[in-house]
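A quick write-up on the structure given underneath.
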Amino acid sequence: MTKLYVVVPCYNEEPVLDETARRLKEKLRGLTEAGRITEDSHVIFVDDGSKDRTWEIIQNLHREDPLFSGVKLSRNRGHQNALLAGLYTAKDKADAVISMDADLQDDIDAIDRFLDKYEEGAQIVYGVRSSRKKDTFFKKFTAESFYRLMHFMGADVVFNHADYRLLGSRALKDLFEFQEVNLFLRGIVPMIGYKSEVVYYERHERFAGESKYPLKKMMSFAFEGITSLTIRPVRMIISLGVVMLLISLILLIYFFVQHFLGHTVPGWTSLIVSVWAIGALQLISIGVIGEYVGKVYLETKHRPRFLIDVFLHEDQELYSLTENREDGHSRKNN
Ligand code: UDP
Ligand code: MG
């Protein structure tokens, strides 16, 4: 049996929270009765500095039923950080943690299939939306462009997967080995590795209230994601410089031909050649400096260099050894 925690970040979710809680309770009670999850499974609502009655509702829910727990952040820190806070509190308590949005867009019934995959040995189960029929054209277009852009810029994200996912306790503990401050979950989780599965689900419309991710936030989210994960944009500067240098070499021949044919005014050739060649050299130089800055940047993140899946040693099976784990040693398989 799995001790399951469900983590729900909430920001001004007063209109939906009671309904979300009711449905989650029904689901988890059903799973307990079916003998799939333990009785001490929990739902953790994380109040991300809401300005409405969200925290009051969470307090009431907790008072009425110990199934519900609440975490209140000191102020609004954004969805990713709220989620991370919830995951952190569940880290040492649960066998598996599912993160989902408060607005009931994520299909609660997919939890059964998440658990199926977990029981089959997956440490990470990604919820991927099967279609975006319910989204407006604009939302669909911007969201899908987001995934394409991320991919192009070298951030390895799962297409059409938001933050509806299951993490087993091993993957969860390893997640916290990534010590970067700008933790972009959708990019980091695939870096953890282990057996991962995908569950498809229909994304519903928001039950009530409105989206907290307008275009502006989404764009800054994409920018954060790219710059916190990779230094590929810096590499692109070097490539651009090299391409420009090649173009300038070709143009150089053209300029000289023009010069000797006498089609130019005096001074034009030397001027135009300098503009192109110096421009190209400057781009390459900036790119090279950027490359070193990028290295420093990646070093400061202290990402774990590796995560060991299994360690077979003197007829024991140990797992999850990281070279810079605080306790220094392995944890025994449970
Ligand atoms: N959220 C949060 N802090 C924020 C913004 C959003 O915790 O600053 C939560 C929100 O309550 C919801 C989830 O993140 O549970 C996803 O937000 P939303 O549904 O508004 O995004 P969308 O589904 O429109 O992309
Ligand atoms: Mg939503």
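The values are calculated or read from the model by the stated rules, or taken from the named source; none is laboratory data. Please read all numbers here as calculations on a predicted model, not as lab measurements. Every residue, glycine as well, gets a Cβ built from its backbone with ideal geometry; the counts of neighbours run over all protein chains shown. In case anyone asks, the SASA skips ligands and DNA or RNA and just uses the protein heavy atoms, side chains included. Shrake-Rupley method; radii C 1.70, N 1.55, O 1.52, S 1.80 Å.
Within segment 151-172, identify whether any single residue is under 16 Å from Arg303 (Cβ atoms), modelled with pLDDT of 80 or more and more than 12 Å from the chain's Cα centre (by Cα), and answer yes or no. Yes, segment 151-172 has at least one match.
Among the candidates Lys212, Lys217, the residue that is open to solvent by 80 Å² or more (accessible area, probe 1.4 Å) and either among the basic types (Lys, Arg) or within 16 Å of ligand 2 (Cβ to nearest atom) (or both) is uniquely Lys217. Set side by side, the residues Ala162, Ala102, Ala143 differ, and just one is part of a helix (DSSP H, G or I) and either within 16 Å of ligand 2 (Cβ to nearest atom) or free of Cβ contacts under 8 Å to residues at least 40 places away in the same chain (or both), which is Ala143. Could you tell me whether segment 77-92 includes any residue that is open to solvent by 10 Å² or more (accessible area, probe 1.4 Å), touching a helix residue (DSSP H, G or I) at 6+ places or on another chain (Cβ under 6 Å) and without any contact (Cβ under 8 Å) to a residue 60 or more places away in the chain? The answer is no; no qualifying residue exists. Contact map, segment 13-35: first residue over 24 Å from Lys72 (Cβ atoms), second residue among the small types (Gly, Ala, Ser) and in a loop (DSSP other than H, G, I, E, B), Cβ cut-off under 8 Å, separation 6 or more or different chains; pairs are Leu31/Ser41; Thr32/Ser41. Out of all the residues in segment 40-53, is one or more assigned to a helix (DSSP H, G or I) and either out of contact with any helix residue (DSSP H, G or I) (no Cβ under 7 Å at 6 or more places or on another chain) or not polar (S, T, N, Q) (or both)? No; the residues of segment 40-53 include none that is assigned to a helix (DSSP H, G or I) and either out of contact with any helix residue (DSSP H, G or I) (no Cβ under 7 Å at 6 or more places or on another chain) or not polar (S, T, N, Q) (or both). The number of residues in segment 9-36 being within 13 Å of ligand 1 (Cβ to nearest atom) and touching an Asp or Glu at 6+ places or on another chain (Cβ under 6 Å) comes to 6. The residue of segment 135-159 that is nearest to Val234 (Cα to Cα), among those that are of a type in the set (Ser, Thr, Tyr) and surrounded by 15 or more Cβ atoms within 10 Å (Cβ to Cβ), is Tyr147. For segment 44-54, residues that are over 22 Å from the mean Cα position of the chain (by Cα) and open to solvent by less than 60 Å² (accessible area, probe 1.4 Å) total 3.
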